[in-house]
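Peer 1: A single structure is presented below for examination.
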Amino acid sequence: MQIVSPHLTQGSAAVQAHRVLSSDKGKEIMSEELGKIAEPEEIERFFTSIMRSTEERTPDRLKAGEMGAKIKGMLIDKSQVETTDKSSQDEITKRAAELALEMFREANKLVETQGKVGEGRKE
């Protein structure tokens, strides 16, 4: 049993929250709060109005255009790109392992060659 506050356990806190949210006053408050959240269309109109306003500074207009395009999915950050093709990912992993092994072998050859050259020199 997890204690939420000195007088409430997690279970009794959930019961209290359910009572508050089920009451008429709780429903009224939740309805008002949900009404304050902007809908996607409202956000789009907001950015569009700033972007098109001649009273706004150019950097603000450009930023509003950028933000509006991002919201609409017109701009994608490279960090958001994901691959879902498992076989392609496996092939890439296999090729990376092959290249790493090849580089390791080349490095060993280089060390062996330098060792033989070093053995032949007299200091």
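The values are calculated or read from the model by the stated rules, or taken from the named source; none is laboratory data. Computed from a predicted structure; not experimentally measured. Cβ placement follows ideal geometry from the backbone for every residue including glycine, while neighbour counts extend to all protein chains displayed.
Peer 1: Anything in the stretch 30-44 that is out of contact with any Leu (no Cβ under 8 Å at 6 or more places or on another chain) and exposed (fewer than 13 other Cβ atoms within 10 Å of the Cβ)? List them, or say none.
Peer 2: Matches in the stretch 30-44: Ser31, Glu32, Glu33, Leu34, Gly35, Lys36, Ile37, Ala38, Glu39, Pro40, Glu41, Glu42.
Peer 1: Quick check: is even one residue across the stretch 66-78 assigned to a helix (DSSP H, G or I) and modelled with pLDDT under 75?
Peer 2: Yes, the stretch 66-78 contains a residue that is assigned to a helix (DSSP H, G or I) and modelled with pLDDT under 75.
Peer 1: So in the stretch 45-58, with the set limited to residues that are in a helix (DSSP H, G or I) and basic (Lys, Arg), which one is surrounded by the fewest Cβ atoms within 10 Å (Cβ to Cβ)?
Peer 2: Arg52
Peer 1: To continue, here is another question. I'm trying to understand the selection: among the residues of the stretch 17-41, which are β-branched (Val, Ile, Thr) and under 30 Å from Lys70 (Cβ atoms)?
Peer 2: Ile37
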